[in-house]
Amino acid sequence: MGYTTWFKQHANKHANIVEKVPKEKLVSYFRWENISQTDVDFCPLFKDGKKCHDMENLNCYLCACPNFRFDDKAEVLKSWCSIDSKEGSTIEHNGIIHQDCSGCTVPHHEAYIEKHFDTDWLRIMKKCPMS
């Protein structure tokens with residue numbers, strides 16, 4: 001699955017949750033301890049009780065970071081970090097370079113989410129897809 005396909009599918013999952021949760025409760029609803037139990041299909045890791053990042057107070061509202069950039073049409077560099085986070089890195093597979101965000105927790109802190117908050121996840125993420 002390419003980044004674009006995942007991005008669109010995730011946007012739909014996010015929108016479905018936003019529709020059912022009152023706006024004032026959205027950020028707290030997306031806390032890992034809650035959403036991993038209430039919306040198991042939101043993330044494939046939830047079924048195994050795993051987190052994408054080893055951190056306390058993980059919040060999944062900005063699963064996929066507004067600083068992540070991707071271009072499915074690119075031949076070598078498919079994804080990168082627009083802020084070049086020191087916690088991020090890259091991985092190469094079959095000559096293709098991908099951003100590895102597993103060491104970065106920037107978008108999973110509630111203060112960051114509240115700073116960039118919008119009920120429309122696609123508006124927050126509008127700069128991510130490059131193709």
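Here's the yes/no breakdown for (1) at pLDDT below 95; (2) touching a Cys at 6+ places or on another chain (Cβ under 9 Å); (3) of a type outside the set (Gly, Ala, Ser); (4) under 16 Å from LEU62 (Cα atoms):
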{"site": "ALA11", "(1), (2), (3), (4)": "no, no, no, yes"}
{"site": "ALA15", "(1), (2), (3), (4)": "no, no, no, yes"}
{"site": "LYS25", "(1), (2), (3), (4)": "no, no, yes, yes"}
{"site": "SER28", "(1), (2), (3), (4)": "no, no, no, yes"}
{"site": "ARG31", "(1), (2), (3), (4)": "no, yes, yes, yes"}
{"site": "GLN37", "(1), (2), (3), (4)": "no, no, yes, no"}
{"site": "VAL40", "(1), (2), (3), (4)": "no, no, yes, no"}
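Step by step: first the residues of segment 46-64, then only those that are hydrophobic (A, V, I, L, M, F, W, C) and modelled with pLDDT of 95 or more, then the one that is farthest from ALA111 (Cα to Cα). Which residue is that?
It comes out as PHE46.
What are the residues in segment 97-121 that are hydrophobic (A, V, I, L, M, F, W, C) and under 11 Å from the mean Cα position of the chain (by Cα), if any?
Matches in segment 97-121: CYS101, VAL106, TRP121.
Any idea how many residues of segment 55-94 are among the small types (Gly, Ala, Ser) and closer than 16 Å to GLY2 by Cα?
3
Scan segment 7-25 and report the pairs whose first residue is free of Cβ contacts under 8 Å to residues at least 12 places away in the same chain and whose second residue is part of a helix (DSSP H, G or I), with Cβ atoms within less than 7 Å and a gap of 6+ or a chain change.
As it stands, the answer is VAL21/TYR29, since those pairs meet every condition given.
In this structure, does LYS73 turn out to be in contact (Cβ under 8 Å) with a residue 24 or more places away in the chain and more than 24 Å from LYS115 (Cβ to Cβ)?
Spelling it out, LYS73 is indeed in contact (Cβ under 8 Å) with a residue 24 or more places away in the chain and more than 24 Å from LYS115 (Cβ to Cβ).
State yes or no: is ASP118 of a type in the set (D, E, K, R), on the phi > 0 side of the Ramachandran plot and either part of a loop (DSSP other than H, G, I, E, B) or in contact with a strand residue (DSSP E or B) (Cβ under 7 Å, 6 or more places away or on another chain) (or both)?
no
Out of all the residues in segment 18-60, which are basic (Lys, Arg) and closer than 22 Å to ASP120 by Cα?
Passing the criteria: LYS20, LYS23, LYS25, ARG31.
Within segment 16-74, how many residues turn out to be of a type in the set (D, E, K, R) and touching a Lys or Arg at 6+ places or on another chain (Cβ under 9 Å)?
5
Could you please find all residues in segment 22-45 being of a type in the set (A, V, I, L, M, F, W, C) and more than 17 Å from GLU110 (Cα to Cα)?
Within segment 22-45, VAL40, PHE42, CYS43, LEU45 meet the criteria.
The values are calculated or read from the model by the stated rules, or taken from the named source; none is laboratory data. Since the structure is predicted, the reported quantities are computational estimates derived from the model, not experimental observations. Heads up, the Cβs are rebuilt from the backbone with ideal geometry, glycines too, and the neighbour counts pull from every protein chain shown.
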